[in-house]
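Below: one structure, written as structure tokens.
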Amino acid sequence: MLERFLQPLDMEEACVMLRENQGKGKLVAGATDFLNELHQGRIDPDCIIDLSKLGELKNIGREGEELRIGAGVTMSELEANEEVGRHLPALTQAAGSVGAKQTRNRATIGGNVVGASPGADLLSALSAFDVTLILRNQDSNREIRLENFILGAKWCAIANDEILVEVRVKIPQEGTSMKFRKLSRRNAASVSLLNITCMLGIKDKLISDVRLAMGAVLPTARRYQAAEQLLLGKSPTLELFYEAGRLAKEQVLCEADPDDLDDLDLGYEYKLKVLPNLVSNMLLEMTEMEA
Amino acid sequence: MENKSYKRVDVLAKVRGKAKYTDDLRMEDMLHLKVIRSPHAHAKIKNIDVAKALEVPGVVGVYTARDLPFKQSGTNRPVLVWDTARYIGDGVALVAAESEQAATQGALQVEVEYQILSGIFSPERALEVGAESIHGESNVVSHWTIDRGDAQKAFALADVVLERDYSTQAIYHGHMETEVAIAEPRVDGLNIYCPSKLPTIARNAVAGILNLKQNQVRMIQPAIGGSFGAKGPDAIILSARVGLVALLTGRPCKGVYTREESIVEGTKRHPFKMHYKVGATKDGKLTAMDIRILADAGAYCNETIRVTARAVVEATGPYVVPNLKVDVKGVYTNQVNADAVRGFGSPQVDYASEQLMDELADELGMDALEIRRLNGFKEGSISATGQEMKAVGLDDCLDALDETLDWKNRKKQIKEDSGGLIRKGIGMAAMFRGESKGSGAVDTAGVNIQTQPDGSIIVYSGLAEVGQGGYTMLISVISQVLGVNPDRIHISSYDSNYCPDGGPTVASRGTVTSGNAAVLAAEQIKEKLIQVACEKLGVVKEKLVFADDKITDIEDENSSITFEEAVDGCYAKGENGYGYGWWSAPETTWNYETGDVSNCEPYFSYVYGANGAEVEVNLATGKVDVIKFVGVHDVGYALNPEEVKNQIAGGVNMGIGYALTEDLKMEEGAIQNVNYCHYLMPTSLDIHEVIPVIVEHAGPDGPLGAKGLGEPATSIVAPAILNAIADAIGCRVYDLPASLERVLEAVREGEESRALNMSIEKEKVFCETRIGQKSSERKGMQSC
């Protein structure tokens, strides 16, 4: 039964509140996931600590080769930010595809990361980049790589006295193209059946840099390295892209829990059918080749 | 020239947030209601222990069916079940408390002991020998048949015979405002505030259930947040629940469902399983059909009898079928109760008949529009039930669709526009639909118009404004009959103490029934004013014209009196400016005895329509986008053209959901998607270009020739889209909705059959190339 609603005005206070209520303080920012869970009766917190008044979590700025995004930045703010649009257009696209406008006005990048939902749109995009997360507790700051932070579906490496404060993304090289694409049952306000992010650099007609990440397939959004390795250093062709799609599917078959593959609710049957084509089509589009 | 459009009377209050919905109302000392529902699809209730619930702070009482004045009998859904729950969501008990939170906590503490019974989750199973009986007798709710001509012989003689199976899903209305009601006790009865589509029927039903006289229940209709066929039985049941608490406690009580409660308990569209067999000559003339349909009624009867009655009448689509067998059964299951959802049996059969016509056309190498022109109803055609069709507007609709889509050219051109992963296709569908209730039902409405001494007008109508624009329709009709500015007219919202019965807002009947009653009422006032005008102007009544807020001598435009002067003259004589109209629909016939309706006149009038869709299908994912939709509807006479266009567009939106994404998934009777996160209705980004087209083929019975549009607007959207998908990918989806998975499956099937054709084609090309080479050699040309 909810008894306390706390609203710290700075980080210091937030950390103290968190420690004081250790184990019981539920952190919320946009509360878009939280309210859903609450109404479904899946959680029953005693105490809520609302981070939405922490101005220091709202910054976006460039620091050397990094773009630093405050954990409290909303999807709408992310979508509208020019710096993000210039350097990380896939992240802009992903932020713009989340839920409905009302959700995007509240939901934050921090919430999306810590929520660690398998289909989280930002996680799909972020997985394609080099991302470091900054976590803070009352005593110190801690850095952790995104891929080490996300442990499983709705499971991440955050201690219960810690707050995610910043997402640091390494800015890709000039001339790298990138794209985020989401497959869902309708054109807005819909969860991803599959989301895919691709980053591609081409030098001297050869693929010099490639990142391929997908979400909503395996329990965590992740890169598909076998496909990446195949593509790297090669000249882009139709056949190569088809093969990359096939390898991505192989990776899913290897890594998925065999029981999950038969679970109709998870929709693997359909996802595995469309996944190779989505990968190859994305690559074709990015290299402006015709299918 | 297009008719004048009228601004909606309710629009300003709604867009400014001033409209009062039921949930906006607060009363002193008001209790809050929560419902305990069966989690089992079929179970006997052994015991209900309320002790713990009563200990929850704030809980005032827990009530069961034993607290009602009578045990409810019959096969309609009860306010609370007596001893058997028949679906997941059946109401078992009520908790009333000081706050909604306390009521929710209390509901969690009510302990119900169930004895679980085996459930029936498909209509086929319900009909099996030895299947559990859901209501103590046969599981068949209704059974209608048609047997005309000699179908068996006609099939034997047909040049082509096709047989197909179709299925449709249960859908939810998607009304923005969930079910809600407040009951307020009076010394001598109850006031009930409830948004429903059938306020007078609800008043009467609640009075019966609570053992009150009808004049002891005052039903008041606040602003309503949508119906689409909902807020019928659910509104009655909730009104009776809060009414019961109000009577027992002497305090006002409010009940409002969450979205999840609304989806779990509330009525849904009947899922249909349909088998169609059609025979035709090689020229495309239909010779025979054999149609077998099972409709899943869910756990209770409610409107299943009339939904299936409509289905049997309209099963063939708007076509002449000389030899015909139709068999439609409504069947009980332990699934959610089916009732009215905008269309009432039409969208299901239209979905089947319209896909079948397209496949038949393909089979015969005919054009889809032409095969419909060839077989479609004309003036005097004989319908499936042997009725002679009058005021048939089908050809007008087909022509308008043809023109708007540029059908033949576009059908060719769209293939050229198509390429790569995105395939485009175009499809169409046609319809006819019985107007109003039909099948022998009493079908009436009253309207009371009171012109005030200053010439302003108040209208009291029993028509439920559910968002369809019914009030504005009344204003359009009255202002046209009396020749006055619509701003002069105020529509009083529904209150059963003052408003005559208008019947339910169902069956697209509001315009025809209440509109006609409004004409009759306005004519009475006109008569009174004519007498005044005749005396003042010294002319005979035939020479008077009512227009521009004046009554004018047709031969001398300077000889006139204003509407105010006429009204004033009326009151000065000791007369009044009131008119009362009561309209009763022409008689219709039905065979309730044997169920054989081969010779009936089930509806007094029919409406017609033709829809066309252009779609894009993504071959990699099965994703469909309806990029253009043309909705052509014969509305007889557009009383408010802007409203007509919007109603068509709204119907298209709803139909797109039915066609592509909306699907209540049930497992052993449990609905899996109980909120809008998982039940997917189209968003504005899923709706692309929608072109509404008005056809005015005046009907003999409607006010000023108008016909109903609410349900027709959505009835054939899905088959037009499914036909377009088939055109795009060369393979067909037979089960609704055309989900990503089903479309992708069809794409794969299409590819396989194309690959097969391609290998045949290659052979052909090889042969032709050789012949071609020879001819080019002959001409001495070089090939490169």
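Throughout, read-outs are computed from the coordinates displayed, never taken from laboratory work. Note that the structure is a prediction, hence the values are computed from the model and not measured. Reconstructed Cβ throughout: ideal geometry from the backbone, glycine too, with neighbour counts over all protein chains shown.
Compute the separation of the alpha-carbon centres of the stretch B:236-273 and the stretch A:105-178 and state it in Å as a whole number.
45
In deg cm²/dmol and to the nearest 500, what is the mean residue ellipticity at 222 nm of chain B if only DSSP H runs of at least 4 residues count, each as -39500 (n - 2.57), divided by the residue total?
-10500 deg cm²/dmol
What is the dipole size for the stretch B:1-151, taken about its Cα centre, with +1 at each Lys and Arg Cβ and -1 at each Asp and Glu Cβ, in debye to the nearest 20?
Using only the charged Cβ atoms, the result is roughly 720 debye.
Considering the convex hull of the alpha carbon atoms of the stretch A:121-188, report its projected area averaged over all viewing directions, in nm², one decimal.
With every direction weighted equally, the projected area is 6.4 nm².
Below 8 Å between Cα atoms, with a sequence gap of 6+, how large is the relative contact order for chain B in percent?
14
If I take every Cα pair under 8 Å that is 6 or more residues apart in chain A, average their sequence separation and divide by the length, what percent do I get for the relative contact order?
Relative contact order here is 15 percent.
Gaussian network model of chain A, Cα springs within a sub-10 Å range: biggest mean-square fluctuation belongs to which of A:Leu54, A:Leu194, A:Leu164?
A:Leu54
How high is the FRET efficiency from B:Leu248 to B:Asp165, r the C-beta distance, R0 60 Å, rounded to 0.05?
So, using R0 = 60 Å, E works out to roughly 0.70.
Across 10 Å bins from the origin, how do the percents of Cα pairs in the stretch B:231-293 run, short distances first?
Here the calculated profile for the stretch B:231-293 is 17, 26, 16, 12, 14, 10, 4, 1.
Quick one: putting +1 on the C-beta of Lys and Arg, -1 on the C-beta of Asp and Glu, what dipole do you get for chain B around its Cα centre, in Debye to the nearest 20?
The dipole magnitude comes to about 840 debye.
Roughly how compact is the stretch A:1-116, stated as its Cα Rg over 2.2 N^0.38 Å to two decimals?
The stretch A:1-116 yields a ratio of 1.13.
Are there trypsin sites (Lys or Arg not before Pro) in the stretch A:33-75 that DSSP puts in a loop and that have at most 16 other Cβ atoms within 10 Å, and which ones?
Counting only loop positions with at most 16 other Cβ atoms within 10 Å, the trypsin sites (Lys or Arg not before Pro) in the stretch A:33-75 are A:Arg42, A:Lys53, A:Lys58.
Quick check for me: using +1 on Lys/Arg Cβ and -1 on Asp/Glu Cβ, what's the dipole size of the stretch B:451-562 about its Cα centre, in debye to the nearest 20?
240
As I understand it, the dipole of the stretch A:247-291 uses +1 on the Cβ of Lys and Arg and -1 on the Cβ of Asp and Glu, about the Cα centre. Which of A:Val252, A:Leu283, A:Tyr270 lies farthest toward its positive end?
Working it through, the farthest residue towards the positive pole turns out to be A:Leu283.
P(r) tail for the protein assembly as shown, what percent of Cα pairs lie past 41 Å?
51
DSSP loop GluC sites (Glu not before Pro) in the stretch B:558-587 with at most 14 other Cβ atoms within 10 Å of their Cβ, which ones?
B:Glu575, B:Glu587
Could you give the nm distance between label points at B:Glu667 and A:Ala226, where each point is 7 Å from its Cα heading toward the beta carbon?
Once both label points are built, they end up 3.0 nm from each other.
Only Cα pairs under 8 Å and at least 6 apart count here; give the relative contact order of the stretch B:385-544 as a rounded whole percent.
Rounded, it is 22 percent for the stretch B:385-544.
Could you work out the mean count of beta carbons from other protein chains within 10 Å of each residue's beta carbon in A:181-191?
6
Between A:Glu65 and B:Cys677, what FRET efficiency follows from the Cβ-Cβ distance if R0 is 56 Å, with the result rounded to 0.05?
Plugging the Cβ-Cβ distance into 1/(1 + (r/R0)^6) gives 0.90.
Report the Stokes-Einstein translational diffusion coefficient (µm² s⁻¹, integer) for the stretch B:592-642, Rh taken as the Kirkwood radius over Cα pairs, at 10 °C with viscosity 1.306 mPa s.
This corresponds to a translational diffusion coefficient of 103 µm²/s.
Please go through the stretch B:592-679 and write out the GluC sites (Glu not before Pro) that DSSP classes as loop and that have at most 13 other C-beta atoms within 10 Å.
Here the sparse-neighbourhood loop sites are B:Glu593, B:Glu668.
Taking 41 Å as R0, compute the FRET efficiency from the Cβ-Cβ separation of A:Asp265 and A:Arg142 and round it to 0.05.
0.70
Treating each Cα of the stretch A:77-185 as an identical point scatterer and ignoring solvent, apply the Debye formula and state log10 I(q)/I(0) at q = 0.13 Å⁻¹.
So the normalised log intensities are -0.49.
Exposed loop GluC sites (Glu not before Pro) only (DSSP loop, at most 14 other Cβ atoms within 10 Å): please give the longest stretch of chain A free of them, not including the sites.
So the longest stretch without any such site is A:175-287.
Could you give each residue of the stretch B:138-152 its phi-based ³J(HN,Hα) in whole Hz, using Karplus coefficients 6.51, -1.76, 1.60 with θ = phi - 60°, and x for Gly or Pro?
Result, ordered by residue: 5, 7, 7, 7, 8, 8, 10, 9, 10, 9, 10, x, 10, 5, 4 Hz.
Cα to Cα, under 24 Å, and not fewer than 8 places away if on the same chain: which lysines meet these conditions relative to B:Lys329?
Output for B:Lys329: B:Lys268, B:Lys273, B:Lys277, B:Lys437, B:Lys665.
What average count of beta carbons from other chains do you get within 10 Å of the Cβ of residues in B:678-685?
Across B:678-685, the average partner-chain Cβ count within 10 Å equals 3.
If amide hydrogens are placed 1.01 Å from N in the peptide plane, which non-local residues have theirs closer than 5 Å to the one on A:Val165?
Distant-sequence amide H within range of A:Val165: A:Ile134, A:Leu135, A:Arg136.
Once fully extended, how much extra length lies between B:Asp556 and B:Gln214, figured as 0.36 nm per residue of separation less the alpha-carbon to alpha-carbon distance?
Difference between extended and current length: 117.9 nm.
Using +1 at the Cβ of each Lys and Arg and -1 at the Cβ of each Asp and Glu in chain B, identify which of B:Ala309, B:Val693, B:Tyr606 lies farthest towards the dipole's positive end.
So the residue we want is B:Ala309.
Of A:Ala216, B:His275, B:Leu482, whose Cα points farthest to the positive end of the dipole of the protein assembly as shown (charges on the beta-carbon: +1 Lys, Arg; -1 Asp, Glu; origin at the Cα centre)?
In the protein assembly as shown, that residue is A:Ala216.
With respect to the cross-link table entries B:Lys153/B:Lys282; B:Lys415/B:Lys623; B:Lys282/B:Lys415; B:Lys153/B:Lys325; B:Lys412/B:Lys628, which display a Cα-Cα separation exceeding 20 Å?
Pairs exceeding 20 Å: B:Lys282/B:Lys415.
Given the options A:Lys205, A:Lys24, A:Lys271, which has the most mean-square fluctuation in a GNM of chain A, springs set between C-alpha atoms less than 10 angstrom apart?
Among A:Lys205, A:Lys24, A:Lys271, the largest mean-square fluctuation in the Gaussian network model of chain A belongs to A:Lys205.
Chain B: longest stretch without exposed trypsin sites (Lys or Arg not before Pro) (DSSP loop, at most 10 other Cβ within 10 Å), sites themselves excluded?
B:214-784
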